[in-house]
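In what follows, a structure is listed as structure tokens, so that the remarks can point back to it.
The values are calculated or read from the model by the stated rules, or taken from the named source; none is laboratory data. None of the values given here were measured: they were computed from a predicted structure. Here Cβ is always computed from backbone atoms with ideal geometry, including for glycine, and neighbour counts include all displayed protein chains.
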Amino acid sequence: MCPEPADDADRPLDEKSLKKFQRKASKKIPRDVAGIEDNPELKPYKILVASPQELEKFSAEPLKSMIPEWEGVSVRPERAIEYEKFRPEMRLGNEPVDPLVVQGTDERRRYNDRRYPWGCICRVVTSAGVGSGILIGPRHVLTASHVVNWSVPGGVNGSVEVHRAGASVRATSRINRVFAFTQVTGSGVPWSQLDEDYAVLELDDNLGNRYGWLGTRTYSSGWDGDAFWYNVGHPGDVGNTRWPTWQRSKWLDEHAWDFGSGRSMDTDADLNPGNSGGPMFAWWSDGPYVVAVVSAHSVSSGENYCAGGRDLPRLVRWAQSS
């Protein structure tokens with residue numbers, strides 16, 4: 001039995017007929033729904049890159065942390081509820097392999113704690129992907145340079161989420177400007193740029209004044225091998241970067257062949273690509289200080305690397321004063 005021919009009024013419109021729907025908005029948004037759209041389209045951020053001579057004008061002395069009196073402080077965060085177990089998943093081609101970035105036993109722990117300094121963790125979102133960061137000024141976030149998308153000369157857009165834990169986000173702000181010494185680009189971090197792989201993001205909002213921030217200081221080779229260091233970040237193998245993790249008692253070891261003002265170092269911290277830009281910090285008598293950010297790992301050796309040196313506090317000082 002042949003189907004009856006469809007009535008023309010019942011047919012879907014062809015592409016030519018669709019043009020009748022195209023028009024400009026003719027009315028204002030009704031007041032009762034106008035407040036729903038809290039996040040308008042992001043504007044591109046501006047890029048500022050300092051030359052070595054310009055950066056040397058700024059002091060490499062430590063910049064102090066800010067611990068708000070209205071925030072609780074904890075030296076160990078509360079563990080998050082294990083909604084689901086996770087294990088790192090890495091692939092070589094289409095074959096699953098054990099992750100090279102986790103050193104032996106995975107010591108990362110997922111947490112959900114808004115007390116200082118754990119509530120200062122940031123999830124950095126740009127068109128280059130997702131990375132980690134930490135509040136280090138009134139409206140400043142320290143991250144890795146390769147987390148930023150440098151491919152567009154005028155800058156692209158991006159945002160920062162403070163303390164995302166699952167579906168909960170403490171605050172969100174647009175990236176307004178990016179300060180860097182080296183624009184690390186490409187699919188990997190080259191050796192020549194490994195020691196300068198950091199950037200400071202300036203936000204639209206003074207989130208640091210609300211939640212506090214960590215200090216920054218120059219790493220000393222006299223600390224090599226000492227397990228002082230904490231790391232926080234948003235690894236990709238933990239809820240697809242949606243949960244922060246922390247680890248403690250990790251060591252750093254500065255590369256002996258690196259003599260510049262930017263310094264690279266090995267670490268035994270357990271890391272995943274989403275950890276890029278996350279801080280390596282320790283506690284001093286007046287609060288926590290960041291000395292390096294997570295940068296890269298070597299597939300051949302399985303070692304993880306961080307970036308720090310005198311240029312790290314210099315870069316932060318430049319961003320805070322601009």
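Please determine whether any residue of the stretch 295-314 is charged (D, E, K, R), surrounded by 18 or more Cβ atoms within 10 Å (Cβ to Cβ) and not in a loop (DSSP other than H, G, I, E, B). I'd like the intermediate steps shown before the answer.
Filtering the stretch 295-314 for residues charged (D, E, K, R) gives 303, 310-311, 314.
Filter once more, keeping what is surrounded by 18 or more Cβ atoms within 10 Å (Cβ to Cβ): 310-311, 314.
Those left that are additionally not in a loop (DSSP other than H, G, I, E, B): 311, 314.
Within the stretch 295-314, one or more residues are charged (D, E, K, R), surrounded by 18 or more Cβ atoms within 10 Å (Cβ to Cβ) and not in a loop (DSSP other than H, G, I, E, B).
When you check Gly274 against the structure, is it outside any strand (DSSP E or B), touching a Pro at 6+ places or on another chain (Cβ under 8 Å) and among the small types (Gly, Ala, Ser), yes or no? Full working, then the answer.
Working: outside any strand (DSSP E or B): yes; touching a Pro at 6+ places or on another chain (Cβ under 8 Å): yes; among the small types (Gly, Ala, Ser): yes.
Taking the combined requirement at face value, the residue satisfies it.
Do we find a residue being acidic (Asp, Glu) and under 24 Å from Glu56 (Cα atoms) anywhere in the stretch 248-271? Explain how you work it out, then say what you get.
Initial filter on the stretch 248-271 (acidic (Asp, Glu)): 253-254, 258, 266, 268, 270.
Keeping just the survivors that are under 24 Å from Glu56 (Cα atoms) gives 254, 258.
Within the stretch 248-271, one or more residues are acidic (Asp, Glu) and under 24 Å from Glu56 (Cα atoms).
Could you list, in sequence order, the residues of the stretch 255-290 that are among the small types (Gly, Ala, Ser), over 26 Å from Leu55 (Cβ atoms) and buried (at least 22 other Cβ atoms within 10 Å of the Cβ)? Can you show your working first?
The initial filter retains those residues of the stretch 255-290 that are among the small types (Gly, Ala, Ser), namely 256, 260-262, 264, 269, 274, 276-278, 282, 285, 287.
From what's left, over 26 Å from Leu55 (Cβ atoms): 269, 274, 285.
Residues satisfying the conditions are Ala269, Gly274.
Does the stretch 268-284 contain any residue that is farther than 24 Å from Leu201 by Cα and at pLDDT 95 or above?
yes
Is it fair to say Thr172 is surrounded by 22 or more Cβ atoms within 10 Å (Cβ to Cβ), at pLDDT 90 or above and not aliphatic (A, V, I, L, M)?
Details: surrounded by 22 or more Cβ atoms within 10 Å (Cβ to Cβ): no; at pLDDT 90 or above: yes; not aliphatic (A, V, I, L, M): yes.
Considered against the rule, which asks whether it is surrounded by 22 or more Cβ atoms within 10 Å (Cβ to Cβ), at pLDDT 90 or above and not aliphatic (A, V, I, L, M), Thr172 comes out as no.
Residues being in a strand (DSSP E or B), out of contact with any Lys or Arg (no Cβ under 7 Å at 6 or more places or on another chain) and of a type in the set (S, T, N, Q): count how many of those fall in the stretch 218-245. Please lay out each step first, then the result.
Taking the stretch 218-245 as the starting set, the residues that turn out to be in a strand (DSSP E or B) are 229-233, 245.
Those still in the list that are out of contact with any Lys or Arg (no Cβ under 7 Å at 6 or more places or on another chain) too: 232-233.
In the following step, the residues that additionally are of a type in the set (S, T, N, Q) were identified as none.
Of the residues in the stretch 218-245, 0 are in a strand (DSSP E or B), out of contact with any Lys or Arg (no Cβ under 7 Å at 6 or more places or on another chain) and of a type in the set (S, T, N, Q).
Can you say whether Ser249 is more than 25 Å from Glu161 (Cα to Cα), assigned to a strand (DSSP E or B) and modelled with pLDDT of 90 or more, as far as the supplied structure shows?
Here the answer is yes, as Ser249 does meet what is asked.
Can you tell which of Met265, Met280 is without any contact (Cβ under 8 Å) to a residue 60 or more places away in the chain, of a type in the set (A, V, I, L, M, F, W, C) and touching a helix residue (DSSP H, G or I) at 6+ places or on another chain (Cβ under 9 Å)? Before you say what the answer is, go through the steps one by one.
Numbers: Met280 fails: touching a helix residue (DSSP H, G or I) at 6+ places or on another chain (Cβ under 9 Å).
Every option except Met265 fails the conditions.
Report yes if Glu69 is free of Cβ contacts under 8 Å to residues at least 12 places away in the same chain and under 30 Å from Tyr219 (Cβ atoms), otherwise no. Steps first, please.
Working: free of Cβ contacts under 8 Å to residues at least 12 places away in the same chain: yes; under 30 Å from Tyr219 (Cβ atoms): yes.
Yes: the conditions hold for Glu69.
Which of the residues spanning the stretch 199-222 are in contact with a strand residue (DSSP E or B) (Cβ under 7 Å, 6 or more places away or on another chain), over 11 Å from Val291 (Cα atoms) and of a type outside the set (Val, Ile, Thr)?
Let us first name the residues in the stretch 199-222 that are in contact with a strand residue (DSSP E or B) (Cβ under 7 Å, 6 or more places away or on another chain), namely 199-205, 207-208, 211-219, 221.
Now restrict to residues that are over 11 Å from Val291 (Cα atoms): 199-205, 207-208, 211-213, 221.
Within the stretch 199-222, Ala199, Leu201, Glu202, Leu203, Asp204, Asp205, Leu207, Gly208, Tyr211, Gly212, Trp213, Ser221 qualify.
Scanning the stretch 178-214 for residues that are closer than 30 Å to Asp113 by Cβ and of a type in the set (D, E, K, R), which turns out modelled with the lowest pLDDT?
The initial filter retains those residues of the stretch 178-214 that are closer than 30 Å to Asp113 by Cβ, namely 178-179, 197-214.
Right, trim to of a type in the set (D, E, K, R) and you get 197, 202, 204-205, 210.
Details: Asp197: 88, Glu202: 98, Asp204: 94, Asp205: 95, Arg210: 97.
Ranking the candidates gives Asp197 first.
Could you count how many residues in the stretch 159-169 are in contact with a helix residue (DSSP H, G or I) (Cβ under 8 Å, 6 or more places away or on another chain) and either surrounded by fewer than 19 Cβ atoms within 10 Å (Cβ to Cβ) or not in a strand (DSSP E or B) (or both)?
Looking only at that region, the number is 1.
Go through the residues of the stretch 252-260 one by one and say whether even a single one is aromatic (Phe, Trp, Tyr) and closer than 21 Å to Leu214 by Cβ.
Start the filter on the stretch 252-260 by keeping residues that are aromatic (Phe, Trp, Tyr), which leaves 257, 259.
Adding the requirement that they be closer than 21 Å to Leu214 by Cβ leaves none.
Checked the stretch 252-260: no residue is aromatic (Phe, Trp, Tyr) and closer than 21 Å to Leu214 by Cβ.
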